[in-house]
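See structure below.
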Amino acid sequence: MKIHEYQAKEILRRYGVPVQPGKIATTPDQTEAIAREFGVPVVIKAQVYVGGRGKAGGIQFGDTPEQAREAAARVLGMDIKGLTVEKVLVVPKIAIKEEYYLGVVFDRASQAPVVIVSAAGGIDIEEVAEKEPEKIIRHVVDVRWGLLPLDARNMLAQAGVPSVVVAKGSAILTALTRAYMESDATLAEINPLALTEDGQVLAADAKILIDDNALVRQKEYAGWAEPEEANPLEFEAKAEGLTYVKLDGDVGIIGNGAGLVMTTLDMVARAGGKPANFLDIGGGAKAEVMRKALLFVARDPQVKGIVVNIFGGITRGEEVAKGIIMAQSELPAGMPIVARLSGTGEAEGRALLADAGLTWGADMRDAAQKIVAEINAKEAAGGAQ
Amino acid sequence: MSILYDKTSRVIVQGMTGREGLYHTKNMLASGTQVVGGVTPGKGGTEVEGLPVFDTVAEAKAKTGADVSCIFVPPLGAADAIMEAAHAGMAVTVCITEGIPTNDMTRVAAYLKEHPTRLIGPNCPGLATPGQGKVGIMPYHIFKEGDVGFVSRSGTLTYEVVALLTQAGIGQSSCIGIGGDPIIGTTFLDCLRLFEADPNTAAVVMCGEIGGSDEEDAAAYAATMSKPVIGFISGRTAPPGKRMGHAGAIVSGKTGSAQGKVEALQAAHVPVAETIFDIPSLVKQALGR
């Protein structure tokens, strides 16, 4: 789960990481008031779930309260990579002398969190890793005792930061690692860690991603979830317990089991179609779940037809068929549906679908070809009218 | 013969008294698996399906001589259940549970270095040895005894491909679902090694998917094997940055793409099936049948 910069900083503050005072504003008026409260100059930072805000103009300055107000008026409502800015973080401007990178990220190959430090901060760390790998210091965390202060100091010293940053930064790095582990993060980074002209060391920007699997026990952070404007359906699907991923084609796809759904996507693409989504209904789904899944997929206005691919084990064919028939009257009139069910309850399901006049796929390939053909035929007929 | 499991294996079920645990215990018994007991803390001394239930894995092992554990414990307790199985000295631990927090699995990974057990999963369908039984949730009726080893990250995709093999008259030695999480106990590479050493396996089918680099690692080893390996990669149409159902199925940056995996397999002279329907004929070709 993504959270905003101000929320990541709130988590870090709790672990003792120095961050600037900051307040959230949703209007230019509020921004001006905050600027008066903090004293100018201030920085106005768009709070959106994407990187590259600065380049997009989402970070602006206010040398007077009035300028802060104008800057907020420009940033609020701004479109950054398809997302509308709805709130800004207002912080006092600081005089930065140097910028560094501190991060903790789950590393699949090590099966553990890896701490990353670089004296090259404030820029895209992946770019640094690619172009100047010698500037990246990595340390695999032993999860039994976390990151030891001695490891933190060694990393910072190796990165070649000034002595004051080795001292103050090591406390920040161990705190960052603790925050990562205790908040069930998969990524926690401070970029940049700033050394100010007056010798302070603080987190000028922060990013944290929380493991979706841990949200059941990270209840406070789970409550911070916001719909991503670019993908409102994905947000709603999560709330309904459906595993749904929005793609950009027009063939809706539903199946049971992640691997099977992924393979169905590939099969539809091979048949000349473009997948509109990935939807896994999981194991043992009843008719109601199937109905809900179909209606959900059809809410995507791009969807022109839906293919259902179920391998019946604990999921029963007749339940799936009943769900499809239930959904049929609620779906846009004439929307093509092709179903393919195998295994448990196959014959019963097939009979039910035949009675309802629905198309049957003999196997995954046949179903994919049929849905693409039906959508094309419908398009051609529509075009001829 | 087989890898990891055969009819002499003695299996306990952690979480046997739960809905899933009970349902699949019955199915395992029906497939001929020697389930010898279960573990549910607080239910020690009771019986389920005529089998004894214990409070701890250590007790279950001492009383039943079990060497394999199958875990159906809910996500937040599953990591502890895996470590308990390892601590008790289970040779093989199969964890079916989906949705275990990654942090918990990093602790499991560290723990298993000092308390070894052959962990399969988590977030997996388990394993089956046709003719001898299964550990986990695979539908047993799709299998056929034979000499082709099968390993996959997925559940239902495994069933599809196994059903195609069976229809084509190709039987299986053992089938392993290694799981779709970013941290899993047993990788493709581990399974290829086990199949290479198994005298009753003549060829291996490996169904991978996007995410991570386990398929690439396995490809390098496949090139050195005495037995043919046939590959398939799912997720060719998955866009980067999108998690496709499985927590581990994500193309991040330049790693984990389907194309990279297909190329790695082809470079290792592993024939890669374009679709699952091409797998049986590639197996027959490789075995000269």
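Read the figures in this text as sums done on the coordinates, not as results from a lab. Here the structure is a predicted model, which is why all the values come from computation and not from measurement. Cβ sites come from the backbone with ideal geometry, for glycine too, and all protein chains shown count toward neighbours.
Sticking to Cα atoms, compute the Rg of chain B to one decimal and its Dmax as the biggest Cα-Cα distance, whole number, in Å.
Cα-based Rg and Dmax for chain B come out at 18.4, 56 Å.
Treating only the Cα positions of the stretch A:235-385 as identical point scatterers, give the base-10 log of I(q)/I(0) from the Debye formula at each q in 0.11, 0.17, 0.20 Å⁻¹.
Each listed q maps to, in turn, -0.35, -0.87, -1.25.
Can you tell me which aspartates and glutamates have their Cα less than 17 Å from the Cα of residue A:370? Leave out same-chain residues fewer than eight positions away.
Those aspartates and glutamates meeting the cut-off are A:250, A:266, A:379.
In whole Hz, what ³J(HN,Hα) sequence does the stretch A:20-28 give by Karplus (6.51, -1.76, 1.60; θ = phi - 60°), x for Gly and Pro?
Working through the residues one at a time gives 5, x, x, 9, 8, 10, 10, 9, x Hz.
Amide H neighbours of residue B:210 under 5 Å, counting only residues 5+ apart in sequence or on other chains, H built in-plane at 1.01 Å?
Those lying under 5 Å, H to H, from residue B:210 are B:234.
Mind scanning A:97/A:131; A:45/A:292; B:113/B:227; A:135/A:207 and naming the pairs with a C-alpha gap bigger than 28 Å?
A:45/A:292; B:113/B:227
On a straight-distance basis, which lysines could pair with residue B:26 in a cross-link, Cα separation under 28 angstrom, same-chain partners fewer than 8 positions away excluded?
A:286, A:322, B:7, B:43, B:61, B:63, B:134, B:144
Over chain B, what is the relative contact order in percent, taking alpha-carbon pairs closer than 8 angstrom and at least six residues apart?
The value is 14 percent.
Residue A:186's amide H: which non-local residues (gap 5+, or another chain) put their own amide H closer than 5 Å, with H modeled 1.01 Å from N in plane and none for Pro or chain starts?
Those qualifying (amide H under 5 Å, at least 5 residues apart or on another chain) are A:209, A:210, A:211.
Based on other C-beta atoms within 10 Å, arrange A:29, A:363 from fewest to most.
A:29, A:363
Excluding residues on the same chain fewer than 8 positions from residue B:284, give the aspartates and glutamates whose Cα lies under 20 Å from its Cα.
B:145, B:147, B:160, B:196, B:198, B:274
Pairs of alpha-carbon atoms within less than 8 angstrom and 6+ residues apart define the contacts here; what relative contact order does the stretch B:11-120 have, in percent?
Worked out over the stretch B:11-120, it gives 23 percent.
What is the ratio of the Cα radius of gyration of the stretch B:143-287 to 2.2 N^0.38 Å, where N is its residue count, to two decimals?
0.96
What number, rounded to the nearest 500 deg cm²/dmol, is the helix-based mean residue ellipticity at 222 nm of chain A, given -39500 (n - 2.57) per DSSP H run of at least four residues and division by all its residues?
So the calculated ellipticity at 222 nm is -12000 deg cm²/dmol.
Using the 10 angstrom Cβ neighbour count as an exposure proxy, how do A:165, A:308 rank, fewest first?
Fewest-to-most Cβ neighbours within 10 Å comes out as A:165, A:308.
With a cut-off of 8 Å between alpha carbons and a minimum separation of six or more residues, what is the relative contact order of chain A in percent?
12
Count the DSSP beta bridges whose two residues both fall in the stretch A:232-379, then state the antiparallel fraction as a percent rounded to the nearest 5.
Of all bridge pairs located within the stretch A:232-379, approximately 20 percent are antiparallel.
Apply the Karplus parameterisation 6.51 cos²θ - 1.76 cosθ + 1.60, with θ equal to phi minus 60°, to every residue of the stretch A:343-353 and state each ³J(HN,Hα) to the nearest whole Hz, in sequence, with x for glycine and proline.
Those phi angles translate into x, 3, x, 4, 4, 4, x, 4, 5, 4, 5 Hz.
Residues of the stretch B:220-257 with amide nitrogen under 13 Å from the 7 Å Cα-to-Cβ point of residue B:266?
Of the residues in the stretch B:220-257, B:233 have backbone N under 13 Å from the label point off residue B:266.
Once you sort the root eigenvalues of the Cα gyration tensor of the stretch B:65-138 as a ≥ b ≥ c, which label holds: rounded (a/c under 1.5), prolate (a/b larger than b/c) or oblate (the other case)?
oblate
Across 20 Å bins from the origin, how do the percents of Cα pairs in the protein assembly as shown run, short distances first?
So the P(r) values, bin by bin, are 17, 46, 31, 6, 0.
So what are the radius of gyration and Dmax for the Cα set of chain A, in Å?
Here Rg and the maximum Cα pair distance are 26.0, 79 Å.
Just to verify a number: FRET efficiency for residue A:216 and residue A:286, C-beta to C-beta distance, R0 = 22 Å, to 0.05?
Plugging the Cβ-Cβ distance into 1/(1 + (r/R0)^6) gives 0.45.
Provide the percentage of antiparallel DSSP beta bridges, counting only those with both residues in the protein assembly as shown; round to the nearest 5.
55
Separation of the stretch B:132-176 and the stretch A:4-24 by C-alpha centroid, Å?
Cα centres, the stretch B:132-176 to the stretch A:4-24: 52 Å.
Rounded to whole Å, give me the distance from the Cα center of the stretch A:153-168 to that of the stretch B:193-216.
For the stretch A:153-168 versus the stretch B:193-216, the Cα centre distance is 45 Å.
Can you sort B:269, B:24 by how many other beta carbons sit within 10 Å, fewest first?
Exposure proxy ranking, most exposed first: B:269, B:24.
Enter the Cα centre distance for the pair the stretch B:224-239 and the stretch B:23-77, rounded to the nearest angstrom.
With the stretch B:224-239 and the stretch B:23-77 each reduced to a Cα centre, they are spaced 35 Å.
Apply the Karplus curve 6.51 cos²θ - 1.76 cosθ + 1.60, θ = phi - 60°, to the phi angles in the stretch B:147-163 and return the couplings in whole Hz, x for Gly and Pro.
After applying 6.51 cos²θ - 1.76 cosθ + 1.60, I find 10, 9, x, 9, 9, 8, 8, 10, x, 4, 5, 4, 4, 4, 6, 4, 4 Hz.
Of A:354, A:167, A:56, which has the largest mean-square fluctuation in a 10 Å C-alpha GNM of chain A?
Taking springs between Cα atoms under 10 Å, the residue moving most is A:354.
Could you work out how far apart the two model spin labels at residue A:142 and residue A:79 are, taking each label as a point 7 Å from the Cα in the direction of the beta carbon, and quote it in nm?
Calculated label separation equals 5.3 nm.
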